[in-house]
Amino acid sequence: MELLSLDLNLVVVLHAILEERSVTRAGKRVGMTQPGASAALARLRRHFDDQLLVREGGHYELTPLAEGLREELGEVIEHLRLLLAARPGFDPALSERAFVLQCSDATLEILGPALVHAVAVQAPRVRLDFRPINEAVIGDTMGTLRAVDLLIVPRGLVSLPDVPSADVYTDRWVCLTWRGNDTVGDRLTESEARSARWIMPYRSATGQSLPADAGLAPLGIDRQWAVRVENFTAPSKLLPGTNLLALVHERTYRQYPVPDLRELELPVPLPAFTEAAWWHPSKARDPGHRWLLDVLLAQAAALDLPAGNPTGRRDRARRQER
């Protein structure tokens, strides 16, 4: 295909239509009126000789061709964005760039204040856009990486063997309950852990659970949730006055303790976990991205959040980029 045979602005419109599955929402996303977006869709249909978007009942679905295009187009758009944003270097003192970081609320509470302060000092006009973790992030991690600068999630939560990453800090799980809960002692038995009702972050309707549950699985413990939240810091605040249990991140619990809670010993010790930063391979040669990663790792190290030797982290990241 000759590039001149298709207005490249239509590629952006196409990406919005395939992502939104709605001409109206796609138009708003790219700053185009509904008639303009409809006209763009008509041109795209003629170009591809395919309907792309078809009505089924009360909603729209993508055609098989459009589904295939959607999978490829996100990466194409990201490469174009990086290509057009390319500069010979990155000067944080002068940059007005916006960086997108996707992380849990726990990571934001632990590392966010120091990172925001460091960026404000070094790059006063740079913007940081923090976005929360949700099931969609885990379900389409590569799609997420195309849309963000850094994704910070625990190793083991996602499987990305060919994606560059760097360890940020380690943490461990703490089991908590309300101090007035007299249904359990200070140490949970296997039977009590099985029958207990839990407050569980990110427990999906399909049964997807946290990496912590992998440590309990050999004992036949499949935790039953009574309350589900997409949040790691909320469970400890929801426990008082109930007989519910929760596994929480130790660092956030120690930093922001909730009164009237007590710790419980689990039937088996759970291994520590490592929060890692992941990024799309296309960002490997972006000096601005490298600056952001170095600032992030420096703040983690300064806060005494060990994740191994800092030099080793950077060397590891560079090895994975190659």
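Within segment 120-161, work out how many residues are in a strand (DSSP E or B) and surrounded by 18 or more Cβ atoms within 10 Å (Cβ to Cβ).
Taking segment 120-161 and keeping what is in a strand (DSSP E or B), we get 127-131, 150-155, 158.
Going one step further and asking which of them are surrounded by 18 or more Cβ atoms within 10 Å (Cβ to Cβ), we end up with 150-154, 158.
Residues that pass the stated criteria total 6.
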- [ ] Answer yes or no: is there a residue in segment 161-179 that is among the acidic types (D, E) and farther than 30 Å from L239 by Cα.
- [x] yes
Open item on the list: Looking at E192, E230 in this structure, which one is of a type in the set (D, E, K, R), closer than 18 Å to P132 by Cα and surrounded by 14 or more Cβ atoms within 10 Å (Cβ to Cβ)?
Closed with: E230
Task: Enumeration of residues in segment 94-130 that are more than 22 Å from the chain's Cα centre (by Cα), modelled with pLDDT under 95 and of a type in the set (A, V, I, L, M, F, W, C) - done: L94
TODO: Residue by residue through segment 252-298, note down the ones that are open to solvent by 50 Å² or more (accessible area, probe 1.4 Å), in a strand (DSSP E or B) and touching a Lys or Arg at 6+ places or on another chain (Cβ under 7 Å).
DONE: E265
Task: Residue match in segment 22-31 (condition: part of a loop (DSSP other than H, G, I, E, B), closer than 20 Å to R146 by Cα and either modelled with pLDDT under 90 or in contact with a helix residue (DSSP H, G or I) (Cβ under 6 Å, 6 or more places away or on another chain) (or both)) - done: no
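Regarding R314, is this residue farther than 18 Å from P113 by Cα, modelled with pLDDT under 90 and part of a helix (DSSP H, G or I)?
Numbers: farther than 18 Å from P113 by Cα: yes; modelled with pLDDT under 90: yes; part of a helix (DSSP H, G or I): yes.
Yes; evaluated as a whole, the condition is true for this residue.
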Open item on the list: From the list V163, V184, V168, exactly one residue is touching a helix residue (DSSP H, G or I) at 6+ places or on another chain (Cβ under 7 Å), modelled with pLDDT of 95 or more and closer than 30 Å to A284 by Cβ. Which is it?
Closed with: V168
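The values are calculated or read from the model by the stated rules, or taken from the named source; none is laboratory data. In this text, all values refer to a predicted model and were calculated from it rather than measured experimentally. Using ideal geometry, Cβ is built from the backbone for each residue, glycine included, and neighbour counts are taken over all protein chains shown. Accessible surface areas use protein heavy atoms only, side chains included; no ligands, DNA or RNA. Shrake-Rupley method; radii C 1.70, N 1.55, O 1.52, S 1.80 Å.
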